[in-house]
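These notes are about the structure you will find just below.
The values are calculated or read from the model by the stated rules, or taken from the named source; none is laboratory data. On a predicted model such as this, the values are computed, not experimentally measured, just so you know. Cβ atoms come from the backbone with ideal geometry, glycine included; neighbour counts cover every protein chain shown.
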Amino acid sequence: MNTLFKKQFFMQSFVLIISFALLGAGLTKAFSSFFVEQKKDLLVEQSQKISKTFKQAYFLEGRFGLLALQNEIEILEEYLNSSFIFIDNENIIKIISTDINSKWYNKKIDLEEILKDNNNNSYYEIKGTMGGILDEPVLSIGNPMTINGEYIGTIFINTPVTDLFLTVEKAYQIIMLFTVFAIIGAFILVYLFSKKISLPLIEINDAAKIMAGGNFKKRIYINSKDEIGQLANVLNDMAESLDEQEKRRREFISNISHDIRSPLTSMKGFLEAIIDGTIPEEKKEKYINIVLEETERLTVLANNILDINRLEDMDNQNKNVLFDINELIRRTIISFEARVITKNLDIKISFAEKETLVLADLEKIQRVIYNLIDNAIKFTENNKSIYISTSIKANKVFVSIKDEGPGISSEEQKRIFDRFYKADYSRGKDKKGSGLGLSIVKEFILSQGETIDIKSEINKGSEFIFSLTKGE
């Protein structure tokens, strides 16, 4: 799980670094463009103002009047941190700033060559050294001037590119400083966030290992509503379910062991007594019959266990046929005739119709009815009644088997159909039960897509009602 934490941390850190790097580069580019454009707009504005002054001086005093503007230009140089060059209509330099080599004064230059890459019609924009006039690269803005339609020259304002770079560099430094602090803060948040995710997963992983080892008492305590919290709840539910199944498995083994051991002990004792002559000759037949009953009990128990194991396969092999549920109930009751007479029970039957066809697996439903009637006889006191009835609602037939037994508590009703559960009252009333009959009943009914319910009160008997699909 530590690997997961590292993966999360490094992956998110990588994404943050890339994101901040791109953001920094984008901001730097944006600031660079902003400052350059801002400086260029300022130079264009100033060149236009100066052009008006130049044209007035030229108009009033002619070309020689421009020399009077030299002092004014020197003032503007310091204010704008820029240099000036005036080139007349004959491409001769007539005014230059004091920081420009004086050898260029009154020199003729090839202005067309200098302006060959200019694409602006309203003003000239040049990046470079003005054909070697300047000692360092500049951004030059030239404003061509005319009087009465006659071109008189162009005034250029030049600002060093290094000044622009210096401004951009300062902005870049500020951006980088804040980016570094942001990355550090982001790393801390990523670390804490990764820990917050990985720690619950580590706890879940450790708990899952403990559960895999067979300890289903372990629980995960994560107060979270997200997917991790949901996963923890699912694992807790699974552990609780497995723990409950483990308890039922132990109960089942305990019950089965008791139910197997009791008849075997009885059979062993009787057979030994017969062999060593302890039992008189005239009573041998009686005790041999008891041994046979115990073998039958073991046979029923073994069959129930086999049925439990093959229930899933049987569910996938439904053989639904049309048959008369009333006739099946009658035949099943007849098979219990000896036990009914022995306990002097009154079987009361009430059918909704003389003949009621249902569509179901005959073998399974026969087993369901047999088990339910067997239970009713087993837990009904001598000289009492058992009620068996059918009713019809829409396309469903409901079969009810009710006894006058001790009843089942509401708590035991919740588990009465569990395959690993055997109620305590059943053991006290009858030693032949395995606790599997009702589990088989429910599995068979559910395999038919039907339902089974129980109604019971202590000392008022129990009623089992299951549904079947009515046949046409």
Open item on the list: among the charged types (D, E, K, R), in the same structural domain as Ser335 (by TED's automatic domain parsing) and either touching a residue at least 40 places away in the same chain (Cβ under 8 Å) or out of contact with any helix residue (DSSP H, G or I) (no Cβ under 9 Å at 6 or more places or on another chain) (or both): which single residue out of Glu404, Glu355, Glu412 fits that description?
Closed with: Glu404
Task: segment 156-167 residues that are surrounded by 15 or more Cβ atoms within 10 Å (Cβ to Cβ), paired with ones that are modelled with pLDDT under 65 and not aliphatic (A, V, I, L, M) (beta carbon under 6 Å, 6 or more apart) - done: none
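This table checks each residue for (1) touching a Pro at 6+ places or on another chain (Cβ under 6 Å); (2) more than 22 Å from Lys268 (Cβ to Cβ); (3) at pLDDT 80 or above; (4) exposed (fewer than 13 other Cβ atoms within 10 Å of the Cβ).
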{"site": "Val300", "(1), (2), (3), (4)": "no, no, no, no"}
{"site": "Leu306", "(1), (2), (3), (4)": "no, yes, no, yes"}
{"site": "Met314", "(1), (2), (3), (4)": "no, yes, no, no"}
{"site": "Ala338", "(1), (2), (3), (4)": "no, yes, yes, yes"}
TODO: Would you check if Ser241 is loosely packed, with under 12 Cβ neighbours inside 10 Å and part of a helix (DSSP H, G or I)?
DONE: yes
Task: Unmet requirement for Lys460, which otherwise passes all of (1) under 41 Å from the mean Cα position of the chain (by Cα); (2) modelled with pLDDT of 85 or more - done: (1)
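Here is a yes/no grid of residues against (1) touching a Gly at 6+ places or on another chain (Cβ under 9 Å); (2) modelled with pLDDT of 75 or more; (3) surrounded by 13 or more Cβ atoms within 10 Å (Cβ to Cβ):
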| position | (1), (2), (3) |
| --- | --- |
| Gln38 | no, no, no |
| Tyr58 | yes, no, yes |
| Gly65 | no, no, yes |
| Gln70 | no, no, yes |
| Glu77 | no, no, yes |
| Ile85 | yes, yes, yes |
| Asn89 | yes, yes, yes |
| Ile95 | no, no, yes |
- [ ] Determine if segment 198-215 includes at least one residue that is under 21 Å from Ile18 (Cβ atoms) and either within 18 Å of the chain's Cα centre (by Cα) or of a type in the set (Ser, Thr, Tyr) (or both).
- [x] no
Task: Subset of segment 358-369 [at pLDDT below 90 and either outside the structural domain of Gly449 (by TED's automatic domain parsing) or surrounded by fewer than 17 Cβ atoms within 10 Å (Cβ to Cβ) (or both)] - done: Glu363
TODO: May I ask you to list the residues in segment 324-346 that are touching a residue at least 24 places away in the same chain (Cβ under 8 Å) and closer than 15 Å to Glu381 by Cα?
DONE: Arg339, Val340, Lys343, Asn344, Leu345, Asp346
Task: Residue ID - modelled with the lowest pLDDT, chosen from residues in segment 193-235 that are under 24 Å from Glu246 (Cβ atoms), among the small types (Gly, Ala, Ser) and outside any helix (DSSP H, G or I) - done: Gly214
TODO: May I ask you to verify whether Glu272 is at pLDDT 75 or above, among the acidic types (Asp, Glu) and part of a helix (DSSP H, G or I)?
DONE: yes
